[in-house]
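Working notes, beginning with the structure itself.
The values are calculated or read from the model by the stated rules, or taken from the named source; none is laboratory data. None of the values given here were measured: they were computed from a predicted structure. So basically every Cβ, Gly included, is an ideal-geometry build from the backbone, and we count neighbours across all protein chains shown.
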Amino acid sequence: MIGRRITYRKADGIRIPGTWRHAFIRNGGTFFLTDLVIYADGLIDCWGLVTIDEFEQKLRSGWVATDLPEGGKASAHDLAVWSFSEPRTRFTPELLLAEVRDTIDKLNGRPDSTGRCLAAVEVFLADRTEENRAAAHAAYLAIPATRRRYALGDMDRKDRPLRVLVAGPGGLPENWSGEPVSQEAYDEAVDYFEERARLIADRSSRVLADGPATPHAPAVHLYHSYPRERVDDPGKVALRSDYPASIDIGGITYSSVAHAYWALSVDDPTTQAAIAAADTSYAARKLAADANQREGWEHARSAVMIMLLRAKYAQHADLAEILLATDDATLVYDDADSPFWGDNAGRGRNWAGRLLELVRSELHAQRAGIV
């Protein structure tokens, strides 16, 4: 649950909202009670920022622990140490992952699994076919079991009207200790939802903004890599500046954005030519590091990079499709040598990722005929 547990981190001066919950992290055979911090852009801090897919791997591997063994050693850092005795936990990796996904949805103002269930119920009430009831029932079961009880936000009724409605007359809801649902109980559930709908309709309508303030797609991590040649299906590695996709800038062909960037960063024509001809982006960077940098380069480098990225995706339609396929995800770019261009586990400014997001927005606008 989010509740009042609101925090944030900053990425290049931008506040990314988040929330936290307690969790155990197993490290070196000890279970550490710690805070699991979940951010709206889909990154999760479990002793290091990871994407939702990486978080699932952490769960499967037991790094984020849901299985607490008898006699296991536990620690609350400098507060206390103890051993588990008859430990009981309500979570499995699947349940915790589902709750984290719900939390990301809620941080972004999107319907979570409960919201999607209630939307399916509305569809059923508008058109009461068995097919629509089955869809609402499936949506109810998609809510993490730890959260179904309060799906309606009704402390008195809990989720009983919802369970009765999706089961239908003669149905037997999950974990139901009584008789099958009677027609009378079903009619009461229908009345409950119709009254609920009337109350919601009476609320003041909210004026919509021009769009979400945060991405709805999960964050995409562009890890540091050393691609040496183009491949038919490069995936997201093609979004790296050092990916070998040649670009023409002012009549000069460079092997990659990185080659062009480093060549333009120096003021000696001979060194520029050597950088352009370098076998790898690593060699290009090294040549630039040993040469005299252009005066005022630190103030111009962002403008140069956006120009080069625009050229790359204008000249390579297949790579533009890969960039567009990231939707509106935060692009987390690693650059071990530059805290300016790389996110570097939250310690850098991530300008390479930010400029890629800008180029992506421009491509979306062009495709939509807006510009």
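Can you run down the residue pairs with Cβ atoms below 6 Å, 6 or more apart or on separate chains, where the first is in the range 103-132 and assigned by TED's automatic domain parsing to the domain that holds Leu162 and the partner is in a helix (DSSP H, G or I) and of a type in the set (Val, Ile, Thr)?
Asn132/Val123
Restricting to the range 231-273, give me the number of residues that are surrounded by fewer than 21 Cβ atoms within 10 Å (Cβ to Cβ), in contact with a strand residue (DSSP E or B) (Cβ under 8 Å, 6 or more places away or on another chain) and small (Gly, Ala, Ser).
1
If Lys73 passes every condition in (1) of a type in the set (D, E, K, R); (2) in contact with a Pro (Cβ under 9 Å, 6 or more places away or on another chain); (3) surrounded by fewer than 20 Cβ atoms within 10 Å (Cβ to Cβ) but one, which one does it miss?
Checking Lys73 against (1) of a type in the set (D, E, K, R); (2) in contact with a Pro (Cβ under 9 Å, 6 or more places away or on another chain); (3) surrounded by fewer than 20 Cβ atoms within 10 Å (Cβ to Cβ), the one that fails is (2).
Looking for something closer than 30 Å to Asp337 by Cα, under 33 Å from the mean Cα position of the chain (by Cα) and not in a loop (DSSP other than H, G, I, E, B) - is there at least one such residue anywhere in the range 212-219?
There is no residue in the range 212-219 that is closer than 30 Å to Asp337 by Cα, under 33 Å from the mean Cα position of the chain (by Cα) and not in a loop (DSSP other than H, G, I, E, B).
Determine, yes or no, whether Asp53 is part of a loop (DSSP other than H, G, I, E, B) and within 20 Å of His216 (Cβ to Cβ). Reasoning before the result, please.
On the way: part of a loop (DSSP other than H, G, I, E, B): no; within 20 Å of His216 (Cβ to Cβ): yes.
Spelling it out, it is not the case that Asp53 is part of a loop (DSSP other than H, G, I, E, B) and within 20 Å of His216 (Cβ to Cβ).
What residue, among those in the range 340-371 that are among the charged types (D, E, K, R) and assigned to a helix (DSSP H, G or I), is nearest to Leu324 (Cα to Cα)? Working first, answer last.
Going residue by residue through the range 340-371, those that are among the charged types (D, E, K, R) are 343, 347, 349, 354, 357, 360, 362, 367.
Filter once more, keeping what is assigned to a helix (DSSP H, G or I): 354, 357, 360, 362, 367.
Values: Arg354: 14, Glu357: 9, Arg360: 6, Glu362: 10, Arg367: 10 Å.
Looking at the filtered set, the residue picked out is Arg360.
Evaluate the following for Ala352: is it of a type in the set (A, V, I, L, M) and surrounded by fewer than 17 Cβ atoms within 10 Å (Cβ to Cβ)? Give the derivation first.
Details: of a type in the set (A, V, I, L, M): yes; surrounded by fewer than 17 Cβ atoms within 10 Å (Cβ to Cβ): no.
Criteria not met by Ala352.
So, in the range 10-33, of the ones that are among the aromatic types (Phe, Trp, Tyr), out of contact with any His (no Cβ under 8 Å at 6 or more places or on another chain) and under 17 Å from Ile44 (Cβ atoms), which residue ends up surrounded by the most Cβ atoms within 10 Å (Cβ to Cβ)?
First pass over the range 10-33, keeping only residues among the aromatic types (Phe, Trp, Tyr): 20, 24, 31-32.
Retained after the next criterion (residues that are out of contact with any His (no Cβ under 8 Å at 6 or more places or on another chain)): 20, 24, 31.
Subset that is under 17 Å from Ile44 (Cβ atoms): 20, 24.
Values: Trp20: 17, Phe24: 25.
So the residue we want is Phe24.
Given (1) surrounded by fewer than 15 Cβ atoms within 10 Å (Cβ to Cβ); (2) modelled with pLDDT under 95, identify the lone condition not met by Gly342.
(1)
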